[in-house]
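Here is the structure we will look at.
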Amino acid sequence: MSDPSQPTSERPGLFGRWRERLKSSGRAIKDGLLGSLWGSGPITAELLDELETQLLMADVGYSTTERLVATLRAQLSHHELSDRASLRQSLHRLLVDLLNPLSTPWQLPQARPCAILVVGVNGSGKTTSIGKLTHRLKSQGHSVLLAAGDTFRAAAMEQLAVWGQRNHVPVIQQSDHADPAAVIFDAYSAAKARGIEVLLADTAGRLQNQSHLMEELKKIRRVLGKHSPEAPSEVWLVLDASIGQNALSQAKLFKEAVGVTGLIVTKLDGTAKGGILIALAHELQLPIRFVGTGEALEDFDVFDPNEFVRALLATE
């Protein structure tokens, strides 16, 4: 059976498509945030000051930017950078090295079913990400069951049901305002009884400062633990890239509250500030499992640090 971390078909790179969208919308980083790196002339202290400002504008974050620019300043003082081309190459390597540890391909665990809780705030793209991930897993021959754990919004259950129909997978749901923990517990039982490999559980969108809703997520974890000490297998946080540094604060609080094990970063097509992925990598050390750059099913793939940095810096 195929590996869920591998591409489902031959097509242009995910971040290549992101870069094309940025170009067509006039938001290409090469023409704006990091444009000075593509000019001619010597590397000066002023150039590095400008680079520092531009990295901050790209939502790379203060501590990460400080670390990167300090390294470049040291390389310059040691005569390791001769021109702007070498500066671009060094920045590229530094970013890839920072991101590489968090790009380990995800493997389905041996225990079945593999239960994945999908969490995040309203509007982050949780349900759509579940639908796209379901499509990906199905296309690779894996069996999937969906749990409609967002019982507070009827529209959320309806949306998940549509994704279930579209992907030809069953959806376990109950009435509006049912106990989400009970819904997901029943879904796990159904997945186990049917020999399903992967259970994807949607949860209600919540702000990270809504303590009562965070407690609900903790309850879901406890209830699933009654099925198996290994359940849930994963807790994946869906983050909207376009909200910049707010995504970092969300991730910190969700990680502390519910033990997030991985990230899905969405809506990269809506922002030129993709540097938030670098900030997330540097400060949280959470693996970036999947990224989304559009509405189409194919605009969802595993995270490739080298391709991402090429898109971010608009290098060929």
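Brief remarks follow.
Matching residues to (1) touching a Ser or Thr at 6+ places or on another chain (Cβ under 8 Å); (2) surrounded by 18 or more Cβ atoms within 10 Å (Cβ to Cβ); (3) touching a residue at least 60 places away in the same chain (Cβ under 8 Å):
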residue	(1), (2), (3)
L102	no, yes, yes
P105	yes, no, yes
C114	yes, yes, yes
L117	yes, yes, yes
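- Between E80, E46, E52, the distinction of being farther than 26 Å from V238 by Cβ, buried (at least 17 other Cβ atoms within 10 Å of the Cβ), at pLDDT 85 or above and not basic (K, R) belongs to E52 only.
- Counted residues, the range 128-156 - those being of a type in the set (A, V, I, L, M, F, W, C) and either touching a Lys or Arg at 6+ places or on another chain (Cβ under 8 Å) or not assigned by TED's automatic domain parsing to the domain that holds R221 (or both): 2
- Selected residue (criterion: modelled with the lowest pLDDT) from residues of the range 209-238 that are in a loop (DSSP other than H, G, I, E, B) and buried (at least 21 other Cβ atoms within 10 Å of the Cβ): A231
- Residue that is surrounded by the most Cβ atoms within 10 Å (Cβ to Cβ), among those in the range 167-185 that are outside any loop (DSSP other than H, G, I, E, B) and touching a strand residue (DSSP E or B) at 6+ places or on another chain (Cβ under 6 Å): I184
- Members of the range 288-311 found to be in contact with a strand residue (DSSP E or B) (Cβ under 7 Å, 6 or more places away or on another chain), part of a loop (DSSP other than H, G, I, E, B) and under 15 Å from S139 (Cβ atoms), listed by number: D299
- The number of residues in the range 55-66 that are touching a His at 6+ places or on another chain (Cβ under 9 Å), assigned to a helix (DSSP H, G or I) and surrounded by 15 or more Cβ atoms within 10 Å (Cβ to Cβ) comes to 1.
- Checked against (1) more than 13 Å from D59 (Cβ to Cβ); (2) of a type in the set (S, T, N, Q); (3) without any contact (Cβ under 8 Å) to a residue 60 or more places away in the chain, S228 passes all but a single condition, namely (3).
Residue-wise test of (1) modelled with pLDDT of 95 or more; (2) over 18 Å from I288 (Cβ atoms); (3) in a loop (DSSP other than H, G, I, E, B).
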residue: P101; (1), (2), (3): no, no, no
residue: T104; (1), (2), (3): no, no, yes
residue: A115; (1), (2), (3): yes, yes, no
residue: N122; (1), (2), (3): no, yes, yes
residue: I130; (1), (2), (3): yes, no, no
residue: L133; (1), (2), (3): yes, no, no
residue: F152; (1), (2), (3): no, yes, yes
residue: E158; (1), (2), (3): no, yes, no
residue: Q165; (1), (2), (3): yes, yes, no
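The values are calculated or read from the model by the stated rules, or taken from the named source; none is laboratory data. Because the structure is predicted, anything quoted here is derived from the model rather than measured. Note that we place each Cβ from the backbone using ideal geometry, even for glycine, and neighbour counts take in every protein chain shown.
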